[in-house]
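Participant: The structure under discussion is supplied below as structure tokens; questions concerning it will follow.
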Amino acid sequence: MRSLILAALLLSSVAQAQTYVWTDESGRKHYSDLPPPPSVQHQQRRFGPNGATQAVPYRVREAARSHPVTLYTGESCPLCENARKMLSARGVPFTEKKVATREEFDALTERFNGNGMVPSIEVGREKYSGFTDERWHAMLDDAGYPRDLKGLQ
């Protein structure tokens, strides 16, 4: 029985689901599958493949290690939802950064060489501002993310 519980714990540690990351008033960084308290203004959300808890295939883990994906989104942004769905459907783990303040918008504009459009994406060192399905797929292909997770372990 003990070994069964240990095996379940080990398997759950490699599973990946949506994760919230935030820093509290004391400067401590928190990682949780639960949203932060309402008083927290700056947070990130990280998503696993398909937004569900499951083991991440080796090829996806390797692509994510060498070419992490960051999605920049804004409020009331229908294209941001399309971008999120595309990444999740493809099984790409990603970190989402919401651009809500003027300072965040200015930082995004600087990061993307004058183009502060949302959604924007970073795949490793490659950056693209705006959502173009074909371009995003090409960037993910180049980074080694598989198009189809069926049959991957």
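FYI, it's all coordinate maths here, none of it is from the lab. Treat the numbers as computed from the prediction; the structure is a model and nothing was measured. Every residue, glycine as well, gets a Cβ built from its backbone with ideal geometry; the counts of neighbours run over all protein chains shown.
Participant: Taking the Cβ-Cβ separation of Asp141 and Glu103 as r and a Förster radius of 22 Å, what is the calculated FRET efficiency to the nearest 0.05?
Facilitator: That pair, Asp141 with Glu103, gives E of 0.05.
Participant: With r as the distance between the Cβ atoms of Asn113 and Lys150 and R0 = 35 Å, compute the FRET efficiency 1/(1 + (r/R0)^6) and round to 0.05. Can you show the working numbers first?
Facilitator: On the way: r = 37 Å, r/R0 = 1.07.
For R0 = 35 Å, the calculated efficiency reads 0.40.
Participant: Calculate, for Glu62 and Lys127, the FRET efficiency according to 1/(1 + (r/R0)^6) with r their C-beta to C-beta distance and R0 22 Å; round to the nearest 0.05.
Facilitator: The formula returns an efficiency of 0.55 here.
Participant: I need the phi-derived Karplus couplings for segment 88-100: 6.51 cos²θ - 1.76 cosθ + 1.60, θ = phi - 60°, integer Hz, Gly and Pro marked x.
Facilitator: With the stated coefficients, segment 88-100 comes to 5, 5, 7, x, 8, x, 8, 9, 9, 10, 7, 9, 10 Hz.
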